[in-house]
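Every read-out reported here was derived from the displayed coordinates using simple, explicitly stated rules and does not represent laboratory data. Predicted model only: the values in this text are computed from it and were never measured. A quick note on method: Cβ atoms are made from the backbone with ideal geometry, for glycine too, and the neighbour counts reach across all protein chains shown.
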Amino acid sequence: MIDFFSDTKTKPTAGMRAAIAAAEVGDEQKGEDPTTTALCERVADLLGKESAVFLPSGTMCNEIALNVHCRPGDEVICEAGCHIINYEAGGPAALSGVMLLALEGDRGRFSAAQVRDAYRPPGRYSPASRLVCVEQTANLAGGAVWPVERLNAVAEVARAHGLATHMDGARLMNAVVATGVPARQHTAGYDSCWLDFSKGLGAPVGAVLAGDRDFIDQAWRRKQAWGGAMRQSGILAAACLYALDHHIDRLADDHRVAAYIAGRLREMDGVVHVTEAETNIVFFDVDTDRITAPELEEKLEARGIQIGAFTRERIRVVTHLDVDQAMAEQMCDALAEGLQG
Ligand SMILES: *Cc1c(COP(=O)(O)O)cnc(C)c1O
């Protein structure tokens, strides 16, 4: 199967498996796993924060951050397409009792003025505005990159209103490679932030949440309470360290292949809209008078190619470690034929 469904589909390479096999391990809950400790120190430094904690998933990073920053009844300002609203099983309501205010951004990115307008002054009637969340890159917007100036402007308005700030950095390294701006400059205005290792970085499991020492102490209590504390997690952390050493620069290849796919799609009969390929994600809409997205998905599947139909008209393709230019050409040829009916 040639799999363009998601960058979560990557499998550990031989080099990564060797690093996993060689990992020194200990009891992570007790702070005795040297490989996990090394990973946390490395990510804290990369993101310009005091401290960091290793977690099983990016979802847990978001949910723990919401729980540390907010109290029940508080309001979180975020974007309508964000992962926190759409893909965390209602966790913010169930686990933290927070309200989510969904701003309509431009490709997943809202402005400082929108935050200023959304802020609710303290009073008897309204929920208390508490936290602003951004997603770098914005997945449902097609991997759109928040410019660092915009991130800083949003963080500045948040701080001026006494709001905490959080960055969902599931694909932050894609933004770093696309812009050439170091990660710590993206995260500078944000109280908490995290990196996912199981997306384009190609590790099987793991995410690292970073912040100041007090934030991470509090995050650790949630990690323990919610069952995310681990034992010999060094075998997972070793894969993440390997990814930091070997899988960052190559994200540029994924971006090049995504740009090729977007270019091909724009020329295709039956494709009515294609998102700009800023990083490794492309969304496109098909003319449903001709074929629906699920029908096209099925046609490609029959040829051993996986793509992601999101709605009746919308399809997502994602480039990653386990697909290349030749596979992209094969997929585009299959799409063009499929659209012919
Ligand atoms: C995948 C993803 C998450 C969740 O990460 P998991 O490791 O799959 O739990 C959060 N935010 C964004 C933007 C994502 O793409």
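If you stretched the chain out fully between residue 27 and residue 125, how much longer would it get, using 0.36 nm times the residue separation minus the C-alpha to C-alpha distance? Kindly include the intermediate steps, with their values, before the conclusion.
Details: separation 98, 0.36 × 98 = 35.28 nm, distance 4.75 nm.
The residue 27-residue 125 span can extend by a further 30.5 nm.
So if I place +1 on the C-beta of Lys and Arg and -1 on the C-beta of Asp and Glu, and nothing else carries charge, what would the dipole magnitude of the chain be about its Cα centre? I want it in debye, nearest 20. Please report the intermediate quantities before stating the final value.
Working: 33 positive and 48 negative charges, 175 e Å.
For the chain, the charge dipole is close to 840 debye.
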Obtain the nm distance between the two label points defined at residue 106 and residue 14 by a simple spin-label model: each point lies 7 Å from its Cα along the Cα-to-C-beta direction. 4.8
Phi to ³J(HN,Hα) by Karplus 6.51 cos²θ - 1.76 cosθ + 1.60 over segment 107-112, Hz, x for Gly, Pro: 6, x, 10, 8, 10, 4
Along segment 52-59, what does the Karplus equation 6.51 cos²θ - 1.76 cosθ + 1.60 (θ = phi - 60°) give for ³J(HN,Hα), rounded to whole Hz, x for Gly and Pro? 7, 9, 8, 10, x, 7, x, 4
Taking θ = phi - 60°, what integer Hz values does the Karplus form 6.51 cos²θ - 1.76 cosθ + 1.60 yield along segment 212-217, in sequence order, with x for Gly and Pro? 7, 4, 5, 4, 5, 4
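Looking at the calculated P(r) for segment 1-128, what percent of the C-alpha pair distances fall above 16 Å? Show your work: numbers first, answer last.
Working: 6137 of 8128 pairs.
Everything past 16 Å amounts to 76 percent.
Average the reciprocal distances over every distinct pair of alpha-carbons in segment 250-338, invert the result, and give the Kirkwood radius in Å.
Working: mean 1/r = 0.0784 Å⁻¹.
For segment 250-338, the Kirkwood estimate is 12.8 Å.
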Test of understanding: given the chain, find the longest segment containing no chymotrypsin sites (Phe, Trp or Tyr not before Pro) that are in a DSSP loop and have at most 15 other Cβ atoms within 10 Å. 126-225
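Provide, as a two-decimal number, the C-alpha radius of gyration of the chain over 2.2 N^0.38 Å, N being how many residues it has.
Taking the Cα Rg and dividing by 2.2 N^0.38 Å, one obtains 1.01.
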Leading residue at positive end of dipole, segment 260-341 (Cβ point charges), from 332, 315, 277: 315
Residue 295 and residue 1 label points (each 7 Å along its Cα→Cβ direction) are spaced in nm at 2.4
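Suppose only helical runs count, i.e. DSSP H with n ≥ 4. What mean residue ellipticity at 222 nm does that imply for the chain under -39500 (n - 2.57) per run, divided by all residues and rounded to the nearest 500 deg cm²/dmol?
Per the formula, -12500 deg cm²/dmol.
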Hey, got the dipole for segment 87-226? About the Cα centre, +1 on K and R Cβ, -1 on D and E Cβ, debye to the nearest 20? 180
For a quick check: with amide H placed at 1.01 Å from N, whose amide H comes under 5 Å from residue 77's, ignoring anything fewer than 5 positions away on the same chain? 101, 130, 131, 132, 133
Once the other residues with Cβ under 9 Å from the Cβ of residue 99 are scored (Lys, Arg +1; Asp, Glu -1), what is the net sum? -2
